[in-house]
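Below you'll find the structure, written out as structure tokens, and then a few comments.
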Amino acid sequence: MALETTVIEQKLTDKFGYKVTGFVQMKDILSFEVSADSVNDTMRFLKEDGVLRFNFLTDVCGVHYPDNDKERQFAVVYHMHNWMDNVRIRFKAFLDGDTPEVDSVTNLFLGANWQERETYDFYGIIFKGHPQLKRILNMDEMVSFPMRKEFPMEDGGRTDKDDRFFGRITDNATN
Amino acid sequence: MSDQKDIKIVGAPAGIEGQGFFATKLDEVVGLARANSLWPLPFATSCCGIEFMATMAATYDLARFGSERMSFSPRQADMLLVMGTIAKKMAPILRQVYEQMAEPRWVIAVGACASSGGIFDTYSVLQGIDKVIPVDVYVPGCPPRPEQILDGILTLQDIVKSESVRRRSSPEYQELMASYNIT
């Protein structure tokens, strides 16, 4: 028998109470929010519970919400997949804007190693307990976390996009 | 059998010819020899590299212009062709390849990305390879057609032909290298 979303929700609520909230079914995937301090426990429960059996960590990624309240400015999103029942699940943990820190899940899934490094690389989110938290895709000399909204996407060293070369200065000045 | 008339060889440089002798400038002879046997080192990272493969293949045939053999070792190459987007993380590797080449060495930036960063005006992409190594010829296009790449190589051959044999030890050249921190 397929794993029902009501069962998942009930089991998580029974186990973690108020720490898991906001259950919502979006298309064919159940999503919920988990408090940052119980990410590791939640994932362990999802993985090791005999009924839930979410045996595969599909993805770890970050989101930056600069307009949110200070303590909810970053989110880490986890996607998991139950191969036996072919059911997917997604949960978010919101982190503080000044000190975005969350426990690493590398103790549960070794595959989280590079995914957490990538999230650190682009958002500066610290994964506590990660064995080697350093940049993975960008060059080591980079000082910014480029996917944070306050950093410009464009490179400051660009020299051939001067408005004068495109005849834009005059129009801009008169308008 | 090919007709003898179809075979073209490069003409002799300007000079004084007489019975049993021919006199010309050393610069021109050296330039002629260098220009017609440029060994290319392709540094291909994306679609411009695919266009370069067409340039090397039978239809366009770069070998007609004296670039017969690809050299995949920078130590045996004269002409570095950089084709494609160079990420900032790649820049030190490109620079190392250039440093391993022996003098005289020339660089062609093929396509918009290698020349200026192209459409990738972003934090992770090098905004033109001339930020890390000196470039002799820029080939525009996104990607350039094989004809344009050939045109770039022919332009470089003109540069090579007219280059003085002393250029590489001139103060101007030393200054150029120093501006890139290459010794």
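The values are calculated or read from the model by the stated rules, or taken from the named source; none is laboratory data. Just so it is clear, the structure is predicted and the values come from calculations on it, not from any experiment. With ideal geometry, Cβ positions are generated from the backbone for all residues, glycine too; neighbour counts draw on all protein chains shown.
Quick look at the values:
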| read-out | value |
| --- | --- |
| Pairs with Cβ under 8 Å, 6+ apart, first in the stretch B:164-179 and under 21 Å from B:L26 (Cα atoms), second among the acidic types (D, E) | B:S164/B:D27; B:V165/B:D27; B:R168/B:E103 |
| Residue list for the stretch B:98-109, restricted to those being buried (at least 23 other Cβ atoms within 10 Å of the Cβ) and either within 14 Å of another protein chain (Cβ to nearest Cβ) or in a helix (DSSP H, G or I) (or both) | B:A109 |
| Selected residue (only one of B:Y180, B:Y123, B:Y173 is in contact with a Pro (Cβ under 7 Å, 6 or more places away or on another chain) and more than 14 Å from every other protein chain (Cβ to nearest Cβ)) | B:Y180 |
| Index of the failed condition, A:I29 passing every other in (1) touching a residue at least 60 places away in the same chain (Cβ under 8 Å); (2) over 18 Å from the mean Cα position of the chain (by Cα) | (2) |
| Selection status of A:E33, among the acidic types (D, E) and assigned to a strand (DSSP E or B) | yes |
| Subset of the stretch B:115-129 (residues that are in contact with a strand residue (DSSP E or B) (Cβ under 7 Å, 6 or more places away or on another chain) and on the phi < 0 side of the Ramachandran plot) | B:S115, B:S124, B:V125, B:L126, B:I129 |
| Condition check for B:D130: closer than 30 Å to A:V143 by Cα and surrounded by 13 or more Cβ atoms within 10 Å (Cβ to Cβ) | yes |
| Matching entry among B:G152, B:G117, B:G84, B:G111 (being within 28 Å of A:D155 (Cβ to Cβ) and free of Cβ contacts under 8 Å to residues at least 40 places away in the same chain) | B:G117 |
| B:A112 vs. criteria within 14 Å of chain A (Cβ to nearest Cβ), buried (at least 21 other Cβ atoms within 10 Å of the Cβ) and out of contact with any strand residue (DSSP E or B) (no Cβ under 8 Å at 6 or more places or on another chain) | yes |
| Hits in the stretch A:125-153 - residues which are small (G, A, S) and within 14 Å of another protein chain (Cβ to nearest Cβ) | A:S144 |
| Some residue of the stretch A:2-15 being under 21 Å from the mean Cα position of the chain (by Cα), within 26 Å of A:G97 (Cβ to Cβ) and modelled with pLDDT of 90 or more | no |
| Unique residue being among the basic types (K, R), within 14 Å of chain A (Cβ to nearest Cβ), at negative phi and not in a loop (DSSP other than H, G, I, E, B) when the list is B:R95, B:R64, B:R75 | B:R95 |
| Of all residues in the stretch B:126-140 being in a loop (DSSP other than H, G, I, E, B) and not charged (D, E, K, R), the one that is nearest to the other protein chains (Cβ to nearest Cβ) | B:Q127 |
| Identity of the residue in the stretch A:121-160, in contact (Cβ under 8 Å) with a residue 24 or more places away in the chain and among the aromatic types (F, W, Y), that ends up surrounded by the most Cβ atoms within 10 Å (Cβ to Cβ) | A:F127 |
| Subset of the stretch B:156-165 that is in a helix (DSSP H, G or I) and surrounded by 15 or more Cβ atoms within 10 Å (Cβ to Cβ) - its residue that is nearest to the chain's Cα centre (by Cα) | B:L156 |
| Total residues in the stretch B:45-63, condition touching a residue at least 24 places away in the same chain (Cβ under 8 Å), of a type in the set (A, V, I, L, M, F, W, C) and farther than 14 Å from B:P140 by Cα | 3 |
| The stretch B:1-57 - residue that is basic (K, R) and not in a loop (DSSP other than H, G, I, E, B) and, of those, surrounded by the most Cβ atoms within 10 Å (Cβ to Cβ) | B:R34 |
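The rows are residues; the columns are (1) within 21 Å of A:R135 (Cβ to Cβ); (2) in a strand (DSSP E or B).
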{"position": "A:T13", "(1), (2)": "no, no"}
{"position": "A:Q25", "(1), (2)": "no, yes"}
{"position": "A:M43", "(1), (2)": "no, no"}
{"position": "A:K47", "(1), (2)": "no, no"}
{"position": "A:V63", "(1), (2)": "yes, yes"}
{"position": "A:D67", "(1), (2)": "no, no"}
{"position": "A:V77", "(1), (2)": "yes, yes"}
{"position": "A:R90", "(1), (2)": "no, yes"}
{"position": "A:L108", "(1), (2)": "no, no"}
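For (1) farther than 21 Å from A:D155 by Cα; (2) in contact with a helix residue (DSSP H, G or I) (Cβ under 9 Å, 6 or more places away or on another chain); (3) crowded, with 16+ Cβ neighbours inside 10 Å, each residue gets a yes or a no:
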position: B:I93; (1), (2), (3): no, no, no
position: B:C142; (1), (2), (3): no, yes, no
position: B:R167; (1), (2), (3): yes, yes, no
position: B:Y180; (1), (2), (3): no, yes, no
